[in-house]
Each structure stands twice: as structure tokens, then as C-alpha cells.
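One structure is given below, encoded as C-alpha cells.
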Amino acid sequence: MAMEWITAIDKRPCERNLRDCELISCRLRRVEPLCRLPGSALQQLAMCGFYEDLEKGVTLFRAGEQGRYWYAVLGGQLEVRYHGTETKDNKLSVTLCNLGVGATFGESILHDLPRDSTVVTKTTCELLRVEQADFRLIFEKNKELMNDIISNCKLKNGFGQSMQTTSMVQSGVHQQQPSPVKKQLSPDHPNPALPITEAPSPAMSRMGWALRVLLVTDNTSCLKDRKVGGKFIRKCAPGTELVDWLLNLSPIVHTRNQAAGMWQALVEEGVLSHVSKEQPFKDKCFLYRFRVDEDGTASGSPSSDDISQSNDHIREALPSLLHRGPDATLRMILRKPSHERTQEELELVYEELLHIAALSHLSTSIKRELASIIVFEAHAHAGTVLFNQGDEGRSWYILLKGSVDVVIHGKGTVATLKEGDDFGKLALINDAPRYTVMSGTPQKMLEHLLETRLGGQVGPNDPFLDDFLLTHIVFMPTPILIDELASHYHADAEVDLRTSSEEDQEYFMTCKRRVVQFIQRWVLLVRHAVFDDPLAVEFIEDIATDVESEGLLQEEASIIHHVLTQLARYQEDRQMNASQKWKLPPNGQPICLFSGNTHSTKTVIRPDDDIIFRVYCADHTYCTLRFPMAATAEVIKACAADKLQLARMPEDLLLVEVKSNGERTVYKDNDVSIPTALSLGGRVFVSPKDHLDALTPLPEQELPTEALDMDFEALPTKDVAYHMTLFDWDLFWAVHEYELLYHTFGRHHFNKITSNLDVFIRRFNEIQYWVVTEIVSTSNLTKRMSLVKKFIKLAAFCKEYQNLNAFFAIVMGLSNMAVSRLTQTWDKLPSKFRKLFSEYEALIDPSRNHRAYRMSVGKLQPPVIPFMPLLLKDMTFAHEGNKTSLDGLVNFEKMHMMAQTMRSVRFCRSRHLVLDPPSPKNENELRQYISCFRTIDNQRVLNAMSQRVEPRRS
């Protein structure tokens, strides 16, 4: 990188390309105070600046000469000399100051003034030289910041006001002069280098104390007394070295960004600060020091008790500081002026805005605009007035923490706003999306939708129609929707068309056209869920008959004919796969087709498909049942009780899952898809209510599930990842978006199965526990290390194939406590793989609502197999955090949030999966192997196995 930028800046400005300018800009961005300039100014400097590498003793210019250039010091030191009155020998030369890295000089060229001093290189120096005309252009575009940089440089090096103050003191005038203060940013852009609290919280003060104690007592510590710009600063350290130290302090800190965020959390509470209060925490060579060293309250050398307490506190409290880091980083970005935010920072803010409920109805483009202008405010004191009644509206606020009272003259406090509420949006109301529907009755929403969302009245980015079609089953079941559509279509049913006006007849035709267009969009979006409903099929066929008989609806006849073609194909496919039978093996969890093509995992599980499974009772006797997937728990328990001869009334019985760890889950009587919803090692039991405590796991539940006996270590890793991705893609393809709604609201509310989603979720758990089981079952240390390495490589290939569900499962398996405690195994692992695994752990880090994963997956193009547990978490968050109805109206903001998640599922599979196949060797065996892994899901058993292969050291 060093050679690249030197090669770039050695070129004449007219010969530099964009890559050269980018390299030079990156180098300039590392120089304080140039780093405060916006990217555009740095780019201009990179385009027109000349590089000078000068030896010691070179005179750049002399006092009295006419200036032609402005300079910035990139390396080395220079002397600024003043030549006084002439003596017999020579002029009296006085050194005014030394200029170091980051200093700028020569700005007299702005006013065509002669030089007032002589500048000579004191050491070998690197300089950036800018010609007069170019500097004037850059200065005019960034006048405030450039003035700030020039003024600070003068003050720092003994010019200007501070020099005048010194002379007054020396002459006996003891008037106190205000010390030079950096010009504050506007209220909308508070200085991100300053604390947001008046005093640090006890928790952060304690954390700062503990970190400082360990830094002071570390022989290799970066915390040292340093001389900076002629001033002696006690106990300060560069940001880069503080980051390095924190990374080495604890294994829970994986990345430099995490460490920088943790230090920023201390900066924003004033525990740590930049030595001149000009910078937030940066992983750069800027110097920082602790508050106690700045104000002189630091105690002497830490005692052995202090060191012991610090170590204990760090172990306990460091995870909390790690959790605070992303928040602190976000607040720091939001306190920076818009033009100073980097593209990466803007992306991070945008990702955060996606999870704020108050912004959920805004379009992506508006959220991206907000990312560059939204700012952070902190108000420490209760009673602070944000704005008064009657003031001109200038800002829109979103409440992140605390509460705000709304006070109206003459009425007092009329409302108290809590976290997540927003207020003052009047100033932004004109930028809100058109036709935004916040709430309404189902019928009115459908009417509004038919009038405004069909026939191309709005743009393609409007989500209202999609949101309605994806979520209507929550607030408007299909039978009611069909009745309403039929009413709109047959609006002319009670009208004599022969006597009606042309306007009325055109209105009736428009109603028919819109209903047909609605059906087209409905079928296109929801697919076979429409064709699975007999009422919907009957309605479509009736509409088709009517449209074909109406001469004015020729275009609609073509649309409905296409819908009928899709219906016929679907029904033909259903007929081919009718009477599917599935089997839940007694000691092998993945369900499989009882007959037919066992490789056809893309086959969708349907409600009327039969499944064969066992039901046990307390003494571990069992019966084998065969029921449709849609059979209710009430029907299953009654039949099982009869076969097992339990002499109890159905209302006295319970259907229960007993997991391998002994945990019990009782099913509701109206629950469906029971066998597919079981956990990996779970079994179905039937029991009298008063004998529930007598239910215990079967001995086989602690044993590994049955699987093909193959040596995973001998298999080509990429081949395994390839076949896993194909298998997982077929499972993912079978999941309908509606199943996410059924899972979130409860299957019993819809009487619909979630079997395809159940199988896909269980696949995630199967991969995760397969990783753990394989590792803790391997007693040989070298082989175990080799196995861990192979799983890390497998995760890498799954990530490459965009199988993120399997990637997460493998990494979480490697992070399982039974594996992570195997220190001998991890110590033996090559550092390259340890580093790679740390990167993967950082990617699955759940902090800030899985921000790292969301940012990564947001850059991918389909096909993608997403991390399904997170999508379900998003659905649950939207459901539990928002009411479905408000004052009798459907809360459509909630429906929009849920539809967003469902749309992401559709996006992930909007393209077919096409992968280059690896070698065909052992292909059939490999497919069988990856379809059913050997797993133990009892954490207690896995921990015990882990202890056996690597006993705890005493």
C-alpha cells in the first residue's frame, strides 16, 4: 500500500487516474487535521497536490518572498524562523516554532501577501504542495473547515491570540484571557468528540478504572507519557494501539471494529477522551487518555488487590461493554456532520433505520436520504423544552430512550411519549409516500386498494397491494375476501343496465376489470395457496365464465385464461403427487417419503398427506399411527389412547412432546402438523393430565439418531457443501410465505399446517447438533482438530454457495459450549483457521439485531438460503411489539412490517439455484449421508462427552 500511494503521488497531476486519487486520498485521510475535510476536498487535494521528499536543511521559502504554494506536512519536522534586525555578521535568526506531521502553512497565498517568515526542513520531510490557484478553489468550497484547520495550526504552534496573551502576562498585565476554544459545531451537529453525559455512569467509570489499571500494569502497555507539539502529556496512547491491546485482552473481542466501538462507549461518557478533544475514538494514530489522567485525580501505582479486582471486573463486565459498542459507534456517526459520514457509516445508519418502527412505512430511498441527515441529540436534564407551542416546525424526533411530555397551553400535559414514539413530523409530511395506509377496516382497505392500486395508478415501488395480499388471512380470511370481491364484481347485479347512463356502465365495467386484475396479482403473488382453497377456485371459475361472456372484457378474458392455465397445471401436479405418505423414523429425525422418489425433497408436504409416526405412553409402550398432516392433537390423542388402552375420557388426556432433556411441551387440542413440529430428539406421548410428571425420555433419546455410516473426514468438503446446499434449497423452496404467518400467530388460528417450515427449521438444528456430535465423539486430539478445521472449511463453502442457513448452523455448532471449551483442540488449530472462525463468529454476532449479518446478506443477489430463525424472530418481533387492531381498525403498519419479512423470503428464491457440480464420485452415497446426519441434541450428554475427550484441568 505504501509503495502504491507513493507511485501514485509521484505522477504529475494530469497523469493520475481515479485509482491513484483514491490511494492518495486514503493516505491524506490518515493525517490529522486533514482527515476532517470532506471526501470531495481530499479528492481535490489528491488530484492537484504535488509530493515533495526533502532532505534536512532545505529552505522552502524566505521571509519577504512572494508565495506560490500552500503546504501540508505528511512526515518529518520543519522550523519556522524569524529574521530580526541586521548585525555586523548576519541577520538575527529566531526559531518561532517547529512544524510536525499534520501542520499546514503558506496560506498567505490566498491574499497575495509576501511571506512573513522563513521555513526550513529540520529533518527529512514529506510534504504535500498545492499551487495557488488550486488551493484557492479548495479553500472557497470548504471555507469554514479550512479556516478552522489553519487557525488551530497557528494556535498549536504559538501564533495568533495565544501569543498575544503571553506578551501581556510577561509585561505585568495579569488580565485573564479566554483560552482558544475550537469553534463548536451547530446544534444540529454536536461535536462527536465530546461526551453525551455530564458525568460518566458508575458502571462506565468502574470499567474505565479496571481497563486503566491493567494498561498501567502491563509492561508492554501503550499507555505512556509523551511529548506532543512541545507539550508534555501524561499517560496517553494511540487509538490503533488501544485497539490492539483490547483485541489481545479477551477472546470475546473478535474484530477491530468491535474494539473501537468499546473504546467509543468510554469516550461518549467522558471516561476516555482525545487529548485535544477534537476526535471521537478512531482506530488511528490519534492520542487518547483517561479522564483521571487529564484532571490529575489518578491515584498512584495500582496495588495487587487493584489488579486482581480489575481482572475479575473485566471478565464480568467486558461483555456489557462489547454490547454497548455498536450503539456508541452509531451515536458517534449521528453526531458527525453529514458531509463527514463515510459511505460505510451511511450504510450502517441505514441498516439501523430499517428496524425503527416509526420509519417502517417509508420507502428505501427516503430511509437512505435520512441516513445522511438524521442526527443524535441527548438531553440530560428533565424539563428541557425541545420546542414550544406555536414555534415553526424544523425537526422530526424519534424517541430512543426516556420519555417526553406533550403540553398544550390551557390543558397541561395531554400525552406522554415513550421509547419508539415519534413526534414533530409536520416538517417532513410532504415527503411521506403517497396513499400510505396506516389503519382501516378490512372492507374499506380493499375498496381503497381496488380504486387506487390497480390499472397502473401508482408506481411499482408502492407496497400496499403486496402487503394486503401477503397478510389478508390475518384480518380478512379468504371466504370473506371472496364475498367482498364478488360484491365489487357484481356491482351491477341490481341495476337495469338498459336504463343506466354511459358513466354508470363504464363504472361497472371498471369494477369488473379491477377484480380480474386483483385475481391476477393474487395468484401471481400467493401461488398455490389460492388454488388450495376450494372456495377461491370456484370463485375464479365463476368469474372466468362471466368474463368470457362479456364482449367488452376481451383483455380481462386473456388474463383469466392465463390464470385458469396455471390452475390446471397445479391441479395436474397435485394429482400426480396425491396420497403422499411420509414416515417419521423412530430413531432418525428427518421425515422421509414412505414411498416414491426419496431424492425428491422438493416435494411439498400437503395437509392431506398421510404421515406414519409413533405415540408413546408413560411406560414407554407405543402404538404406530397413520394420520393426515392436518390431523388435530385432539384426534391423535383419542386414537392413541384407544390403541394403548388408556381408560380415560379424551378431555382428561394430553398430547405431549417429551424432549431428550426431559422437557415437556403440551399441545393444544386444535394444534396441527404435530409430528413435523417435534424437536430433533423429541417423541410424542399421550398421558392423563394427572400423570404428566411421570413422563420421562426414552433411553434411545440420549443416543445419536440413525444415519449412514460414513467417515465425514474422508469426504471432499466442497462436495459435501454442494449436496447440502441442493438439499437445503429444496427444503427452503417448499416453504410457503404463509407458513411464517401460521407459525407466528399460531397454526390453530388458521387450522393450517406448517410442516414445510418445521422441516426446514429442524434441518438447521440437525446441522448444528451434527457438528457438535461429530466433534465430541472424536477422542483423538489430532483427528478432532482436523475435524474442526474441516467444519470451518465447510462453513466457508456454504457461505460461498450462499447457503446462509447451513453456514449459521455450522458456526453455531462450533460455538456450542461443548466444542468451545475444548481448548487443547482450538490451541492446536492453525492460526489461519482460528482467524477465519473469528470472522465467521463476528458475522453471526447477534448484537444490534444481527446487524453484521443483515449488512452482509443485503449485498447478496438471489438465489440465497437465508438464516430462517432470524426471519421468524423478525416476524415475532413485529407481532408481539404491535397490536393487530387499533380501536377496531386493522393496524396496517404491522401488516407492512410482516410483509417485508415475507417479501425477503420471496426475494431469496426469485432465481433458480444453479451450481457447478463437483466430481460425481460416490454421489448417491453422499446424497444419502447429507440427508440424515447423526445427531445428539441433549446438551447435558454433549457436555459430558466433551468432558471425557478433554477433562477439565484442575
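The values are calculated or read from the model by the stated rules, or taken from the named source; none is laboratory data. Note that this is a predicted model, so its numbers are computed, not measured. Here Cβ is always computed from backbone atoms with ideal geometry, including for glycine, and neighbour counts include all displayed protein chains. Just so you know, the surface numbers come from the protein's heavy atoms only, side chains and all, with ligands and any DNA or RNA stripped out. Shrake-Rupley method; radii C 1.70, N 1.55, O 1.52, S 1.80 Å.
Residue check: is LEU794 touching a helix residue (DSSP H, G or I) at 6+ places or on another chain (Cβ under 8 Å), open to solvent by 10 Å² or more (accessible area, probe 1.4 Å), touching a residue at least 40 places away in the same chain (Cβ under 8 Å) and not hydroxyl-bearing (Ser, Thr, Tyr)? So that I can check it myself, show each step before the final result.
Working: touching a helix residue (DSSP H, G or I) at 6+ places or on another chain (Cβ under 8 Å): yes; open to solvent by 10 Å² or more (accessible area, probe 1.4 Å): no; touching a residue at least 40 places away in the same chain (Cβ under 8 Å): yes; not hydroxyl-bearing (Ser, Thr, Tyr): yes.
Here the answer is no, as LEU794 does not meet what is asked.
Inside the range 225-343, counting only helices (runs of 4 or more DSSP H) that do not spill past its ends, which hold 1 or more residues that are of a type in the set (Gly, Ala, Ser), over 24 Å from the mean Cα position of the chain (by Cα) and surrounded by fewer than 16 Cβ atoms within 10 Å (Cβ to Cβ)?
Numbers: elements: 239-249, 256-267, 291-294, 304-334.
Ranges flagged: 304-334.
Can you name the condition, by its number, that VAL656 falls short on among (1) crowded, with 19+ Cβ neighbours inside 10 Å; (2) free of Cβ contacts under 8 Å to residues at least 40 places away in the same chain; (3) of a type in the set (A, V, I, L, M, F, W, C); (4) not in a strand (DSSP E or B)?
(4)
Among the listed residues GLU351, GLU377, which satisfies the condition of being under 16 Å from LEU400 (Cβ atoms) and assigned to a helix (DSSP H, G or I)?
Working: GLU377 fails: assigned to a helix (DSSP H, G or I).
Answer to the selection: GLU351.
Please work out which residue is farthest from the chain's Cα centre (by Cα), limiting yourself to the range 837-856 and to residues that are part of a helix (DSSP H, G or I), surrounded by 17 or more Cβ atoms within 10 Å (Cβ to Cβ) and without any contact (Cβ under 8 Å) to a residue 60 or more places away in the chain.
The qualifying residue farthest from the chain's Cα centre (by Cα) is PHE837.
Tell me whether the range 502-521 contains one or more residues that are touching a residue at least 12 places away in the same chain (Cβ under 8 Å), more than 15 Å from ILE559 (Cβ to Cβ), surrounded by fewer than 19 Cβ atoms within 10 Å (Cβ to Cβ) and under 42 Å from the mean Cα position of the chain (by Cα).
no
Exactly one of (1) at pLDDT below 90; (2) out of contact with any helix residue (DSSP H, G or I) (no Cβ under 6 Å at 6 or more places or on another chain); (3) basic (Lys, Arg); (4) assigned to a helix (DSSP H, G or I) is unmet by LYS859. Its number?
Among (1) at pLDDT below 90; (2) out of contact with any helix residue (DSSP H, G or I) (no Cβ under 6 Å at 6 or more places or on another chain); (3) basic (Lys, Arg); (4) assigned to a helix (DSSP H, G or I), the lone unmet condition for LYS859 is (4).
Can you tell me which of (1) free of Cβ contacts under 8 Å to residues at least 24 places away in the same chain; (2) touching a helix residue (DSSP H, G or I) at 6+ places or on another chain (Cβ under 8 Å); (3) not aromatic (Phe, Trp, Tyr) is the one SER831 doesn't meet?
Condition not satisfied by SER831: (2).
Would you mind telling me which numbered condition in (1) surrounded by 11 or more Cβ atoms within 10 Å (Cβ to Cβ); (2) out of contact with any strand residue (DSSP E or B) (no Cβ under 7 Å at 6 or more places or on another chain); (3) among the β-branched types (Val, Ile, Thr) THR884 fails?
(2)
With the condition kept exactly as written, say whether any residue in the range 719-734 is under 29 Å from PRO918 (Cβ atoms), buried (at least 21 other Cβ atoms within 10 Å of the Cβ) and among the polar types (S, T, N, Q).
yes
Could you list all residues from the range 623-634 that are open to solvent by 60 Å² or more (accessible area, probe 1.4 Å) and either in contact with a helix residue (DSSP H, G or I) (Cβ under 9 Å, 6 or more places away or on another chain) or modelled with pLDDT of 95 or more (or both)? Talk me through it step by step, then tell me what you get.
Filtering the range 623-634 down to residues open to solvent by 60 Å² or more (accessible area, probe 1.4 Å) leaves 624, 626, 634.
Selection gives THR624, GLU634.
Which one of PHE933, PHE907 is touching a residue at least 12 places away in the same chain (Cβ under 8 Å) and either of a type in the set (Gly, Ala, Ser) or not in a helix (DSSP H, G or I) (or both)? Talk me through it step by step, then tell me what you get.
On the way: PHE907 fails: either of a type in the set (Gly, Ala, Ser) or not in a helix (DSSP H, G or I) (or both).
Going through PHE933, PHE907 in turn, the sole match is PHE933.
What residue, among those in the range 356-374 that are of a type outside the set (Gly, Ala, Ser), part of a loop (DSSP other than H, G, I, E, B) and modelled with pLDDT under 75, is least open to solvent (accessible area, probe 1.4 Å)? Quick ask: steps written out before the conclusion?
Restricting attention to the range 356-374, the residues satisfying the condition of being of a type outside the set (Gly, Ala, Ser) are 356, 359, 361-362, 364, 366-370, 373-374.
With the extra rule that they be part of a loop (DSSP other than H, G, I, E, B), the set shrinks to 356, 361-362, 374.
If we keep only those that are modelled with pLDDT under 75 too, we end up with 361-362.
Details: HIS361: 41, LEU362: 19 Å².
Looking at the filtered set, the residue picked out is LEU362.
Of the residues in the range 10-36, how many are over 15 Å from TYR71 (Cα atoms) and aliphatic (A, V, I, L, M)? Can you show your working first?
Residues of the range 10-36 that are over 15 Å from TYR71 (Cα atoms), as a first pass: 10-27, 29-30, 35-36.
Imposing the further condition that a residue be aliphatic (A, V, I, L, M) reduces the set to 18, 23-24.
Residues that pass the stated criteria total 3.
Take the residues of the range 30-84 that are open to solvent by 60 Å² or more (accessible area, probe 1.4 Å) and of a type in the set (D, E, K, R): which is nearest to ARG341 (Cα to Cα)?
Out of the qualifying residues, it is ARG30.
Determine which single condition GLY208 fails, assuming it passes every other condition in (1) buried (at least 20 other Cβ atoms within 10 Å of the Cβ); (2) without any contact (Cβ under 8 Å) to a residue 12 or more places away in the chain.
That leaves (2) as the condition not met.
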